[in-house]
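Q: Just passing along the structure, written as structure tokens.
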Amino acid sequence: MIDLKLIDELTRKLGDVLPPGVAQAKGELESQFRSVLTGAFERMNLVGREEYEKKCVMLEETRAKLDVLEKRLDDLTAG
């Protein structure tokens, strides 16, 4: 999920560094910045911290189950 606050902050910062001669077009440029940034982040297929942490927990649980199954298989094949 894209953090819209981050995109708004980046857009504002980009708008703030525009030279004084383009101040009249600042609103339009910020809109274009926002569009470009949103598109770029969407193409990156990023995930949020919360989703990442949930997947890490799920991966740890799966790894623990796999370890148990591997031990059982070793016990069965050892005879």
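Q: Only Cα pairs under 8 Å and at least 6 apart count here; give the relative contact order of region 1-46 as a rounded whole percent.
A: That works out to 55 percent.
Q: Hey, another quick one. For the chain, what's the relative contact order in percent, using C-alpha pairs closer than 8 Å and at least 6 residues apart? Write out the running numbers ahead of the final one.
A: Values: 24 pairs, mean separation 28.6, N = 79.
Across the chain, relative contact order equals 36 percent.
Q: While we're here: Return the lysines within reach of Lys65: Cα separation strictly under 21 angstrom, same-chain partners fewer than 8 residues apart disregarded; answer none if there are no such residues.
A: Qualifying lysines at Cα under 21 Å: Lys54, Lys55.
Q: Could you work out how much longer the chain between Ala40 and Lys5 gets when fully extended? Use 0.36 nm per residue separation minus the Cα distance between them, nm to one decimal. It would help to have the intermediate numbers written out before the result.
A: Values: separation 35, 0.36 × 35 = 12.60 nm, distance 1.53 nm.
My answer for the length gained is 11.1 nm.
Q: Would you mind checking the tilt of helix 49-78 against the longest principal axis of the Cα atoms of the chain, expressed as 0 to 90 degrees and rounded to 10?
A: 20
Q: For Lys13, which lysines qualify as cross-link partners when the Cα separation must be under 16 Å and same-chain residues fewer than eight apart are set aside?
A: Lys5, Lys26
Q: Another one. Report, in deg cm²/dmol and to the nearest 500, the calculated mean residue ellipticity at 222 nm for the chain, where each DSSP H run with n ≥ 4 adds -39500 (n - 2.57) and the sum is divided by the residue count.
A: Only helices count here, giving -27000 deg cm²/dmol.
Q: Taking the Cβ-Cβ separation of Val47 and Asp67 as r and a Förster radius of 22 Å, what is the calculated FRET efficiency to the nearest 0.05? Walk me through the intermediate numbers first.
A: Details: r = 26 Å, r/R0 = 1.18.
Once the sixth-power term is evaluated, E becomes 0.25.
Q: Express in nm, to one decimal, how much length is gained between Glu60 and Asp16 on full extension, taking 0.36 nm for each residue of separation and deducting their alpha carbon distance. Mind showing how you got there, number by number?
A: On the way: separation 44, 0.36 × 44 = 15.84 nm, distance 4.42 nm.
Answer, rounded to one decimal: 11.4 nm.
Only the coordinates and a few stated rules stand behind these numbers; no lab work does. The structure presented is a predicted model; accordingly, all values stated were derived computationally and were not measured. Positions of Cβ are generated from backbone atoms using ideal geometry, with glycine treated the same way; all protein chains shown enter the neighbour counts.
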